[in-house]
Amino acid sequence: MPKHIIILAVPGVQLLDVSGPLDVFAEANQQRGREVYKLSVMAVADPVIVSSSGARLLADLTLDAPLPDALDTFLIAGAPVLDNYLSDEKLHENICRWSHHAQRFGSVCSGAMLLAAAGLINGRRVTTHWTVAERLHQEYPQVSVEADAIFIADAELRTAAGVTSGLDLALNMVEEDLGRETALVVAAQLVMFFKRPGGQLQFSRHGQASLSGRSALQDVQRWVLNSLDQPHNVQSLATHMGISARHITRLFNQELNQSPAEWLEQQRVFYARQLLEAGELAVKQIAAECGFSSVDILRRAFVRQLSVTPSQYQKYHSS
């Protein structure tokens, strides 16, 4: 009997959040030469779903349909307009009904917000798109959000970071169901990573150079950003402001929710990312330009911040 997989697509859905995972499962069917997976798209009400790009999907069923005898996986796709549905109690009830009936349930991208609104992921480990990860953490503190993860499998719960990571999640489920060899062939056929290097924060622009906090802090931030090649540290920042290292640490923690050292490393890494993407300087030159005393220290900062090395980052992100 085929494993039935349903993806819920709200009006305004991001099309790739739906089509990406479906294509992975469809390719698994192709490689096995039979219908291992039965694939369905679900609408909230109107079976004609207009996506965020304007393309239309015709759903196979709607959220108020009777539950089937068996359901393997129920996933909720993300959407830029998901806020429109976060207070819809009837929608939440139906999402709970389908999720509890499925062997596996979860989300792609910002769909995790709907799972949280429905009360389905309290105390659970999840990921979501990096742009909404902090919001998910703030609004639902009982949910354990891992912002850098590409996807997470937590018992029967499955969540993917955003857009293309839905393919990674689906491929992982193919590996669970059909084994590594089939998953490898599917990945090769779709020209995608079998295991993507690093986490999703290497793709984010979060942490980019910006001025935050009170004017005195903005002044020292501006000074640092204009001279990142210099050997700045907590003491040099404090000296520039005319205060103690303890005082500036307290200010950074109060205003930016991070220490001066953490902020400084974040800015150095972000500048290094820009230089690596441009592809015009050697890694040793980039380390010096960004104020790292050695390539090894640059490498350790990259792994700490992005879970990839500078060379790995440059390989996949350079122009």
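Per-structure values
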| read-out | value |
| --- | --- |
| Single residue of 235, 202 found to be modelled with pLDDT of 85 or more, closer than 26 Å to residue 288 by Cβ, in contact with a helix residue (DSSP H, G or I) (Cβ under 6 Å, 6 or more places away or on another chain) and part of a helix (DSSP H, G or I) | 235 |
| Condition check for residue 314: assigned to a helix (DSSP H, G or I), in contact with a helix residue (DSSP H, G or I) (Cβ under 8 Å, 6 or more places away or on another chain) and either hydroxyl-bearing (Ser, Thr, Tyr) or modelled with pLDDT of 85 or more (or both) | no |
| Residues of region 300-311 satisfying the condition of being surrounded by 17 or more Cβ atoms within 10 Å (Cβ to Cβ) and in a helix (DSSP H, G or I) | 301, 302, 305, 306, 310 |
| Output for region 205-232, where each listed residue is at pLDDT 75 or above and open to solvent by less than 30 Å² (accessible area, probe 1.4 Å) | 217, 220, 221, 224, 227, 228, 232 |
| Restricting region 264-301 to residues that are among the acidic types (Asp, Glu) and more than 25 Å from residue 252 (Cβ to Cβ), the residue that is modelled with the highest pLDDT | 296 |
| Close pairs from region 156-170: first farther than 18 Å from residue 8 by Cβ, partner in a strand (DSSP E or B), Cβ under 6 Å, at least 6 apart | 168/151 |
| Residues within region 256-272 that are in contact with a Phe, Trp or Tyr (Cβ under 8 Å, 6 or more places away or on another chain), without any contact (Cβ under 8 Å) to a residue 60 or more places away in the chain and surrounded by 19 or more Cβ atoms within 10 Å (Cβ to Cβ), tallied | 4 |
| Selection count, region 127-159, where residues are among the basic types (Lys, Arg) and open to solvent by less than 70 Å² (accessible area, probe 1.4 Å) | 1 |
| Selected residue (criterion: nearest to the chain's Cα centre (by Cα)) from residues of region 289-299 that are touching a residue at least 24 places away in the same chain (Cβ under 8 Å) and open to solvent by 60 Å² or more (accessible area, probe 1.4 Å) | 289 |
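The rows are residues; the columns are (1) at positive phi; (2) outside any loop (DSSP other than H, G, I, E, B); (3) assigned by the TED database to the domain that holds residue 10; (4) crowded, with 24+ Cβ neighbours inside 10 Å.
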| position | (1), (2), (3), (4) |
| --- | --- |
| 92 | no, yes, yes, no |
| 105 | no, yes, yes, yes |
| 113 | no, yes, yes, yes |
| 120 | no, no, yes, no |
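The values are calculated or read from the model by the stated rules, or taken from the named source; none is laboratory data. Treat the numbers as computed from the prediction; the structure is a model and nothing was measured. Reconstructed Cβ throughout: ideal geometry from the backbone, glycine too, with neighbour counts over all protein chains shown. Heavy atoms of the whole protein, side chains included, go into the accessibility calculation; ligands, DNA and RNA do not. Shrake-Rupley method; radii C 1.70, N 1.55, O 1.52, S 1.80 Å.
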